[in-house]
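Right, one structure below, let's go through it.
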Amino acid sequence: MTDDSGAVPRHAASPDPVLERWRLILGTPAESCTGRLSGEAAARDAALDWLYGRDPELAERGVRGTGHQERTGGRGPSVVTAVDWLDDIHRLFPKETIERLERDAVEQYGIHEIVTDPAVLERVEPSATLLRAVLRTKHLMNPDVLRAARRIVESVVRRLMERLAPEIRQAFSGTRSPRPSRRALARNFDFRATVRANLAHYRPEDRRLLIERPHFHSRTRRHLEQWQLILLVDQSGSMAGSVIHSAVTAACLWGLPGLKTHLVAFDTSVVDLTSDVTDPVELLMRVQLGGGTDIARAVDYGAGLVENPRRCVFVVISDFYEGGDPYRLVRGVRALVEQGATVLGLAALDEEANPSYDRELAGRLAGAGAQVGAMTPGELAGFVAERLGR
């Protein structure tokens with residue numbers, strides 16, 4: 001239908017996706033310029049408002065509404081639960097957006113029913129963020145909820161194992177030797193030697209090099225003496241990511257020839273988790289994040305595990321905000337270094353390895369002989385492999 005001028009009436013026109021997007025970004029105050037939302041766009045807006053509308057700063061600025069508490073429909077409003085909201089976002093948004101929304105719900109707004117309500121846990125998308133949330137709140141869960149939460153732990157740990165195990169074990173597969181090899185393996189292909197050996201077969205007219213005799217590196221077999229890897233992991237709340245990756249890393253390293261792995265978690269107490277290393281899911285279900293930090297006490301315990309200091313990589317994974325005696329900690333680290341142990345102080349052990357730590361204390365540990373920094377699990381495995389190969 002058209003008016004006398006032949007124009008299509010506004011109500012009959014299709015929604016402008018650009019204007020809809022701006023309206024979703026700017027909130028209700030923008031409707032005078034963008035028009036009102038309808039259909040799926042309005043449903044997306046309601047889902048976003050349920051979460052971000054609870055932000056008091058946004059409400060004061062009038063950027064978004066605060067309609068997260070109620071849903072209109074039928075004969076009156078009804079309370080939107082976390083289950084309703086999860087159903088909505090899984091229907092309305094792509095996976096990467098869903099993961100961001102779930103992360104903000106747990107970390108920014110503390111909506112703990114996402115990880116403490118069995119009905120919600122059945123619907124939630126397993127992710128590293130939700131695994132960290134489970135570890136922080138599992139002390140609040142009854143046995144039924146814990147069983148549901150275990151699905152998240154198992155799923156995320158399985159994905160981490162699949163990604164990290166090849167990278168970690170590759171570090172122990174041997175280094176390439178300059179000696180040639182007759183074994184034609186792609187990973188040992190020697191590009192430079194192959195080019196040099198076949199230059200006589202270069203065809204300038206079609207700019208091709210014909211390979212008649214490919215060359216390959218040989219690989220050295222590491223002569224491994226028995227080494228120890230002792231991982232001391234701070235289980236305070238801020239170290240959740242490192243706890244998870246330490247558990248998976250220890251599981252990947254377990255049973256490698258020439259390496260004896262220990263995993264110890266600590267806060268103000270010390271818990272030796274070595275017996276559960278082969279089952280990182282069970283190990284993580286035992287971890288209790290939170291509480292204070294006594295690094296010195298953990299180092300003293302770990303020092304008691306050392307069998308041969310000159311064949312020991314001693315790793316302290318912490319933010320180094322010491323709640324115990326820092327002088328005792330520095331003395332303990334210095335004693336280990338003087339005995340010949342390789343001491344690492346890691347501020348992070350996860351994919352990003354973004355460090356956040358007490359730099360003053362970390363500097364004092366470096367002065368005592370520790371190597372201080374941040375590593376991913378693969379980098380730690382490579383470091384240990386180099387020590388074993390000496």
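The values are calculated or read from the model by the stated rules, or taken from the named source; none is laboratory data. Everything quoted here is computed from the prediction, not taken from an experiment. Positions of Cβ are backbone-derived with ideal geometry, glycine not excepted, and every protein chain shown enters the neighbour counts. Accessible surface is based on the protein model in full, side chains and every heavy atom, while ligands, DNA and RNA are left aside. Shrake-Rupley method; radii C 1.70, N 1.55, O 1.52, S 1.80 Å.
Data overview
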| quantity | calculated |
| --- | --- |
| Matching entry among VAL306, VAL337, VAL315 (being in contact (Cβ under 8 Å) with a residue 24 or more places away in the chain, in a helix (DSSP H, G or I) and not small (Gly, Ala, Ser)) | VAL337 |
| Pair list, Cβ < 6 Å and 6+ apart or interchain, from the stretch 365-390 residues that are closer than 12 Å to THR342 by Cα to residues that are at pLDDT below 85 and open to solvent by 30 Å² or more (accessible area, probe 1.4 Å) | LEU388/LEU224 |
| Residue pairs meeting the criteria (Cβ under 8 Å; at least 6 apart or on separate chains; first farther than 22 Å from LEU101 by Cβ, in the stretch 33-45; second modelled with pLDDT of 80 or more and not β-branched (Val, Ile, Thr)) | ARG36/ALA42 |
| Answer from ALA250, ALA341 - the residue that is surrounded by 17 or more Cβ atoms within 10 Å (Cβ to Cβ), closer than 22 Å to ALA374 by Cβ and touching a Cys at 6+ places or on another chain (Cβ under 6 Å) | ALA341 |
| SER356 vs. criteria within 20 Å of GLN235 (Cα to Cα) and at pLDDT 90 or above | no |
| Only listed residue being modelled with pLDDT under 75 and out of contact with any His (no Cβ under 8 Å at 6 or more places or on another chain), chosen from SER173, SER155 | SER173 |
| Segments classed as helices (runs of 4 or more DSSP H), wholly inside the stretch 1-58, with at least 3 members that are crowded, with 17+ Cβ neighbours inside 10 Å, modelled with pLDDT of 75 or more and touching an Asp or Glu at 6+ places or on another chain (Cβ under 9 Å) | 39-52 |
| Residues satisfying the stated conditions in the stretch 283-317, i.e. under 25 Å from ALA149 (Cα atoms) and open to solvent by less than 10 Å² (accessible area, probe 1.4 Å) | LEU283, LEU284, VAL287 |
| Residue in the stretch 345-361 that is most open to solvent (accessible area, probe 1.4 Å), counting only those that are small (Gly, Ala, Ser) and touching a residue at least 60 places away in the same chain (Cβ under 8 Å) | SER356 |
| The stretch 267-285 residues that are part of a loop (DSSP other than H, G, I, E, B), paired with ones that are open to solvent by less than 40 Å² (accessible area, probe 1.4 Å) and among the polar types (S, T, N, Q) (beta carbon under 8 Å, 6 or more apart) | ASP267/GLN235; ASP267/SER236; ASP267/THR293; THR268/THR293; VAL277/THR261 |
